[in-house]
Structures are given as structure tokens and as C-alpha cells.
Amino acid sequence: MPPPLQAQRLLLSHRRLPSAHRRRFTAVSSLPSAPAKTLATGPAPSTILSIRESLLSGERTAADITADYLSRLRRTEPSVRSFIHVADAAAEREAEDLDRRIATEGQDAVGPLAGVLVGVKDNLCTANMPSTGGSRILDGYRPAYDATAVRRLREAGAIVVGKTNLDEFGMGSTTEGSGFQITKNPWDDSRVPGGSSGGSASAVSARQCVVSLGSDTGGSVRQPASFCGVVGLKPTYGRVSRFGLMAYASSLDVVGCFGSSVFDTAAILSVIAGTDKMDSTSSSHDVLDYKSELVPLDLLESKPLSGMRIGIIQQTLGEGVETGVISSIKDAASHLEQLGSVVEEVSLPSFSLGLPAYYILASSEASSNLSRYDGIRYGRQVSADDLNELYGGSRANGLGHEVKMRILMGTYALSAGYYDAYYKRAQQVRTLVKKSFKEALDRYDILVSPAAPSAAYKIGEKTNDPLAMYAGDIMTVNVNLAGLPALVVPCGFVEGGSAGLPVGLQMIGSPFSEGNLLRVGHIFEQTLQNYSFVPPLLAES
């Protein structure tokens, strides 16, 4: 990320940008990468399908499945620390209730997600369960209702196993900013899982639950998915209701999901998507059965992506991106070409301006949204003699350093005399980012890029360098500014840890094109080389 003064100059001096440019993509095989794997194909297993088939056939009970996952969670949680709260007793009761309904009512009692254990990011409200947003100011808060996405999962038969850790109120990229604990990466417990949905990503990676919900304001689903080697989906803005999601930046926040396969992610989206009277920004756009669009490997044509045009964003493969990541992404692009697509480099001239614009807009909205945590409306109170001391003391003691810093940044950007120089200019850049993406997506079916400029880095490595941490969001924030859907699928490894560190390929589509992204992602993961995205933590246990 440019220094603050340079970022300001970029925003103030920016004028009309030229249209996106393109050139033919050429694979580069000379860059260093992790050791090559044996070429083979095979579908990524769908855990949701497996659970459903075993329940319907009577091979297993929901209680057995739940017991297996809880046993694995108890073994791995001391080292991973994905969850702030585990609702093991409630999960066991719900599984037993499901078994009784199946025994008495038959298959009609089985919803599409029956028996599927779900982790829920702790900034999504859950009835009768703590919902803290990762902040000490909400320690002990229990909402009286479920967020719409959580309610729809429960109605489909899913079992909420607990609340996953996050950077406080979603403000961070490592999950080190949680007010409760630091979550570790299942691939290497000395490294971060990403953030802010690091708990949700690590829980799926460590198979502590089947799928999980996260939120994505500037990459908080996609970057952890890349770091933890799982599939992560950020839907179009408005595709999923935000009701019950603790607001960070309301024009950017999106509820997303994680799975160990594209099919499982599609199954979750099919349930949680759709309009909601409780959220005026939710879209009435038709909801598809996304998983029904996914073609099994044995039915694929030899060139299943024939006729598809894919643009690889030129600005995401340059300075500041690790060579191993670049190599993995270019290998993935070559694989897409082998599947029949035409892959070309495309230049988005406004791409580099998205990062400073994002942090101005997100911090400005946060300064407004977080004003409710004052110790009176929400949050723990401190004893004080007057109102100002009560407000100041409650917020000072309850909010963490990163949250306070972003509130101050946003308040400054919105203050008299600085509004035009910062907030207004950032909104103008946001319009240019949207236009740049639209022009590119008018020519290409999807755009691709890395999900992060590096693989997972060491815990504490960027704690004292917030600008370096912010710069890691360069690959993802523009998608939120434009309100577009994006899917991250694991595509390779770089050196690190005992078994390598996973790298994710980000696929970006036009508004409400989640079905197309999932279809391409499903084909990609089924035909990829024989990579195993199962962390060594599971092999050891």
C-alpha cells in the first residue's frame, strides 16, 4: 500500500483513466515453485453429498456424524483455536432430534443440509449463543434472534456447531486482532490463517466442521480461503441478506461461505441466497440451485471450457507478489487454457487506486457504524460519574487498538475540511473501479488473479507494520468496491511449513454470475493435478 501522503496524492491527482488493455497470455514456467505433483484427475469429494447419502441409506446416523466431527474438533482445537464458542451439547441434541424425525417421518424430514455441521463467524448473530464480533465490548452478548443466513441454514437442517474466531468486528487480515485469542493455520501452526474470517477458514481446513459462514468486506473470505487451502465464495453485494451481520462498512459487507469443495460451497449459497424483507439492500434477483449446474467429471467434454474467454489481471502479477504465487497462478491459467478457454492478460489501470480508496471508505463507514458500542445501547459499561466518562471509558476499555485506529481514520476523513479531499475523492475512485471492471467483464466471461500476494505468513510478522498488512488486501478490495462476486479455489503450493503452503486462485465475475463462477471452479478443481489440500494436522491426528 502507498504511504498515506502518496495515497492522498494518488486520489487527488487522479483524472480520467484509459480503457482496459489486453494482450495474449503466455504461460511462464521458469519461475520457481513448489515441487511438481503427478498429473491426475479426480473430483474433490462433496462432504454434504456424502452425509446426505449416508443418512438416507441408514448407513450412519446424524448423531454418529456429529460425534465424529466433535471428536476431531476436540483433538485439533487446542492447537488451531478456530472457535470462540463450541455448542457441542446443543449440536448433539439437534442431531438426536434429526435421527428421531427421520425414524418417524422418513426422508421427508431430511432437509438439503440435514446433519451438516456449520461453523458461524462470530459477527453473525445466533440466538441463544454468544455473538461477540470478536470484541471484548460485546463479551457475553447473546442475541434474541438468528441472522437471516443462519436461520436459513437451520431451516435446511444444518447444525450450528459453534462461533468462529475473527479479527475484532472484521477489521484485520490475520485474526490476530481478535479480542479473545489468536487462531493458527492448520497447515503450519506458526502462521496466520488469514482474516478476518480466519476462524471459519481454519475450521473447514481442519475438518472441524463441514462448511462455515464468514463475512467479506475487503477480502475477509477470499484471503483466508487461500491461506488455508479451502474454497471461499464472496457473493454479489445484495445476493445474501446482511440482517444479523454486525455492520463494519455497510456498502461493502457481504456474507460469504467456506467449504472443502466447490459443490459444498454451492450447496450453502443455494440455501442462504435470496431477498429478505429485513434487509432493504438484498436483491430480488432469481436464486438458482447452484449445485445443479455443476457437471460431474465423467460427463465433462474433453474441452469443457471451450468458447470461454478469461482475463488474467496484469496488475496482480507484478511487483510485491511472491514469485511462487505468480508461478502457481500462471500454471492455473495454463490449466484453464488446456480446458479449452482463451486466456489473455488484461490491464485494469485503476486497480492500484482501489486500496487507498477502500481504506478511506471502509474506515469512514466504520466510524459511523461502531458508534452504537457506547456502553449504553450495546456493550459493557464502566462505572463513571458523567455521560462523557461513561462513553469514553466503555469504548476505551472495550475496543481494541485496530478498531480504535480505524474509527479515528474514518472520523478524520469525514470531518469538515477534509471530506472532499478524502471521502468524496474515494467515492469517485470507486466509480472508476466499477467502470474498469465492467469494461473488462464485457469482453471476458471471468477475470482471474491471486487471492493474496503471498501465502500465509508468520504470526506476529506484520503486527507492528499495519501498512504492510493493508497492502496484502490489494488483490481483493477492488471486488468489494465494485460489488462483484468472486470465488477462490486452491490451485497449488509454495514452499513453507512441513508440507508446503496453499495458494488460491481468485475468479471474478459479473454481478449475479455466481453460477458461472461455481461451474468453472468445479471443473477446475476436478481436473487439477493431483494436489491434496488436506493439512498435515489431520494426517498427524
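The values are calculated or read from the model by the stated rules, or taken from the named source; none is laboratory data. For clarity, every value in this text was computed on a predicted model and none was experimentally measured. When we count neighbours, we look across all protein chains shown, and the Cβ atoms used for this are built from the backbone with ideal geometry, even at glycine. Accessible surface is based on the protein model in full, side chains and every heavy atom, while ligands, DNA and RNA are left aside. Shrake-Rupley method; radii C 1.70, N 1.55, O 1.52, S 1.80 Å.
Some notes on this structure:
- Distance in nm between pseudo-label sites at residue 421 and residue 405 (7 Å out along the Cβ direction from Cα): 2.2
- Working from the Cα coordinates of region 147-268, the gyration tensor eigenvalues give, after taking √(5λ), semi-axes of 20, 17, 13 Å in decreasing order.
- Region 136-194-region 98-130 distance, computed between alpha-carbon centres (Å): 18
- Apportionment of accessible area to carbon and sulfur, region 229-276, percent (1.4 Å): 58
- Among the listed pairs 330/435; 404/435; 184/404, a Cα-Cα separation exceeding 30 Å is found for 404/435.
- Hull-based mean projected area of region 124-208, where the convex hull spans the alpha carbons, in square nanometres: 5.5
- Relative counts (whole %) of C-alpha pair distances in region 37-165, using bins that are 5 Å wide: 2, 10, 18, 20, 18, 14, 9, 5, 3, 1, 0
- Calculated accessible area for the chain comes out at 38 Å² per residue, all protein chains present (probe 1.4 Å; ligands, DNA, RNA ignored).
- FRET efficiency estimate (nearest 0.05) - Cβ-Cβ, residue 53 to residue 303, R0 35 angstrom: 0.70
- Each principal axis of the Cα cloud of region 226-379 was evaluated for its coordinate range; sorted largest first, these ranges are 62, 40, 27 Å.
- Region 475-541: Rg to Rh, with Rh as the Kirkwood radius over Cα pairs: 1.06
- Binned Cα-Cα distances of region 201-301, short to long, each 5 Å bin given as a whole percent: 2, 14, 22, 22, 19, 13, 6, 2, 1
- The spread of Cα positions in region 408-541, taken along each principal axis and listed from longest to shortest, comes to 58, 42, 20 Å.
- Distance in nm between pseudo-label sites at residue 442 and residue 88 (7 Å out along the Cβ direction from Cα): 5.7
- Counting only aspartates and glutamates at least 8 places from residue 438 when in the same chain, those with an alpha carbon closer than 19 Å to its own are 344, 345, 514.
- In nm, spacing of pseudo-spin labels at residue 461 and residue 319 (7 Å Cα→C-beta vector): 2.1
- Reachable aspartates and glutamates, given that their alpha-carbon falls under 15 Å from the alpha-carbon of residue 163 and they are not under 8 places away in the same chain: 77, 88, 122, 139, 146
- Over region 340-473, Cα pairs under 8 Å with separation of 6+ residues give a relative contact order of 31 percent.
- For the chain, radius of gyration divided by Kirkwood radius, i.e. Rg to Rh on alpha-carbons: 0.96
- When the solvent-accessible area of region 70-132 is split by element, carbon and sulfur atoms take up 45 percent of it, the probe being 1.4 Å.
- Reach of residue 424 by Cα under 16 Å, taken over aspartates and glutamates that are not fewer than 8 positions away in the same chain: 365
- Taking amide H as placed 1.01 Å from N in the peptide plane, the amide H of residue 84 sits under 5 Å from that of 163, 164, 165, each at least 5 places away or on another chain.
- Each 5 Å bin from zero up to the one holding the largest Cα-Cα distance in region 312-403 carries the following percent of pairs: 2, 11, 13, 12, 10, 8, 7, 7, 9, 8, 6, 4, 2, 1, 0.
- Cα pair count fraction exceeding 18 Å, expressed as % - region 304-462: 71
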